[in-house]
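The values are calculated or read from the model by the stated rules, or taken from the named source; none is laboratory data. Quick caveat: nothing in here was measured; it's all calculated off a predicted structure. Counting neighbours? That spans all protein chains shown, and the Cβs are built from the backbone with ideal geometry, glycine included.
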Amino acid sequence: MNIFIIGTGMGDTKTLTVSAKEKIENADIIIGAKRVTHPFAVSGKKVFSEYNAEKIAEIIKNNPCENTAVLFSGDASFFSGAKKLLKLFPAAQIEAGISCVSYFSAKTGLAYDDMNIVSMHGRECNIVSEVRGHKKTFVLLGENPCKKLCRFGLGDAEVYIGENLSYENERILHGKAADFAETEIAPLSVMIIVNENYDNHVRIGISDDEFITGKAPMTKSSVRAVSISKLEIKPDDICYDIGAGTGSVSIEMALLCPKGKVYAVEKKSDAAELIEENAVKFMADNIEVIQGEAPVALDGLPKADKVFIGGSSGNIAEIIRKCDCPKVVVNAITLETLEGTLKAFDEQGYTYEVTQISAAYGRKVAGYNMMTAQNPVFVISGEKE
């Protein structure tokens with residue numbers, strides 16, 4: 001029994017490759033979503049409308065034949081359900097199709113060899129973070145992101161929108177993100193976003209004066225740089241910033257995990273508002289502010305990969321126990337917090353190291369440079385399997 005997993009291109013049969021067309025014509029049965037199998041319903045062959053991998057497997061097992069063609073839209077190797085089906089039938093042969101990336105890039109005249117490619121279709125996507133760090137971003141749409149782009153200061157980004165690609169009602173729109181903030185876009189559309197002012201360099205220890213500040217406490221640049229470096233954040237990490245204050249640590253976490261998420265936990269409402277403002281300023285749409293006091297405020301959150309604790313309100317042991325995270329960094333000013341952290345790490349099986357930072361900053365006084373000392377801070381880094 002031969003099983004062919006076939007990418008059908010954009011939808012119109014004109015975008016089928018010659019090889020794909022031959023395999024479909026020689027198939028005994030055809031399986032796929034109704035949209036992609038519809039053109040072949042008049043072929044006289046058995047056609048099954050199904051896109052779920054497990055159900056497709058059942059159809060194949062219940063209908064033994066020499067050649068089975070399973071159809072997927074676009075390219076079967078690009079954000080496709082074919083991936084799940086291939087796990088069930090590893091001997092199946094994949095027939096490449098024309099992807100929406102190559103089709104739409106050709107339509108717009110934009111090269112795609114340097115594009116950042118993401119999907120908002122049925123999955124989580126930090127679209128602002130993706131656009132912030134790349135000149136060109138190709139997006140499979142689930143919703144129109146233009147309003148969100150505008151909110152985070154990207155309204156001037158150039159966008160190309162492709163609807164109903166390859167069909168008679170194909171429509172291509174071009175302009176600024178702000179032009180399409182309220183535009184209703186057809187399902188299964190795509191978009192190319194061009195951000196000429198993209199910024200993809202890594203920032204650790206951002207200057208304190210770049211943040212919007214109020215009365216809420218803020219982890220200073222030098223302490224923040226050491227603390228963040230100890231966390232070793234990866235691009236897709238889930239992070240907690242507990243006792244987030246103005247959100248300076250949340251921002252740096254978010255910039256380091258554009259495909260992940262930062263939960264900024266802060267009990268004071270005025271500080272929570274500051275975090276939101278700073279998230280917009282730094283185009284960090286992967287920050288979610290949780291107003292409440294830890295550890296109770298952590299209920300229901302996804303398990304964290306990295307945790308920073310800048311304020312614990314005396315609950316340091318309970319917070320560390322609740323997080324149960326492989327890497328935790330705590331900032332402590334008082335000896336009591338230091339002692340409580342070390343005791344909690346010992347009880348929870350963490351190995352740890354303690355660094356004390358005593359920073360001083362220069363300022364001009366009557367034409368001279370004077371150093372002003374800051375409070376010493378203990379940075380406690382804990383790790384466990």
Worksheet item: Which strands (runs of 3 or more DSSP E) does the stretch 211-310 wholly contain that include 1 or more residues that are acidic (Asp, Glu) and crowded, with 18+ Cβ neighbours inside 10 Å?
Response: 238-242, 261-266
Discussion item. Which condition from (1) out of contact with any strand residue (DSSP E or B) (no Cβ under 9 Å at 6 or more places or on another chain); (2) free of Cβ contacts under 8 Å to residues at least 60 places away in the same chain; (3) polar (S, T, N, Q); (4) in a loop (DSSP other than H, G, I, E, B) is the one that Thr183 breaks?
Written reply: (1)
Worksheet item: For the stretch 95-108, how many residues are hydrophobic (A, V, I, L, M, F, W, C), surrounded by fewer than 19 Cβ atoms within 10 Å (Cβ to Cβ), touching a strand residue (DSSP E or B) at 6+ places or on another chain (Cβ under 8 Å) and at pLDDT 90 or above?
Response: 0
Worksheet item: Looking at (1) among the aromatic types (Phe, Trp, Tyr); (2) more than 30 Å from Ala373 (Cβ to Cβ); (3) over 21 Å from the mean Cα position of the chain (by Cα), which is the only condition Phe211 fails?
Response: (2)
Practice prompt. Would you be able to tell me the number of residues in the stretch 78-89 that are within 23 Å of the chain's Cα centre (by Cα) and either acidic (Asp, Glu) or assigned to a loop (DSSP other than H, G, I, E, B) (or both)?
Written response: 4
Practice prompt. Evaluate the following for Gly205: is it surrounded by 16 or more Cβ atoms within 10 Å (Cβ to Cβ), in a loop (DSSP other than H, G, I, E, B) and small (Gly, Ala, Ser)?
Written response: yes
Worksheet entry | Single unsatisfied condition, Asn315 versus (1) touching a residue at least 24 places away in the same chain (Cβ under 8 Å); (2) surrounded by 14 or more Cβ atoms within 10 Å (Cβ to Cβ); (3) of a type in the set (S, T, N, Q) | (1)
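Every residue, every condition in (1) over 30 Å from Asn195 (Cβ atoms); (2) assigned to a loop (DSSP other than H, G, I, E, B); (3) without any contact (Cβ under 8 Å) to a residue 12 or more places away in the chain; (4) among the aromatic types (Phe, Trp, Tyr), yes or no:
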position	(1), (2), (3), (4)
Ala57	yes, no, no, no
Thr68	yes, no, no, no
Ala91	yes, yes, no, no
Ile94	yes, no, no, no
Ala106	no, no, yes, no
Tyr112	no, yes, no, yes
Worksheet item: Are there any pairs, at least 6 apart or on different chains, whose C-beta atoms fall under 9 Å, with the first in the stretch 358-374 and outside the structural domain of Thr334 (by TED's automatic domain parsing) and the second loosely packed, with under 11 Cβ neighbours inside 10 Å and part of a strand (DSSP E or B), and if so, which?
Response: none
Worksheet item: in contact (Cβ under 8 Å) with a residue 24 or more places away in the chain and acidic (Asp, Glu) - does that describe any residue in the stretch 19-40?
Response: yes
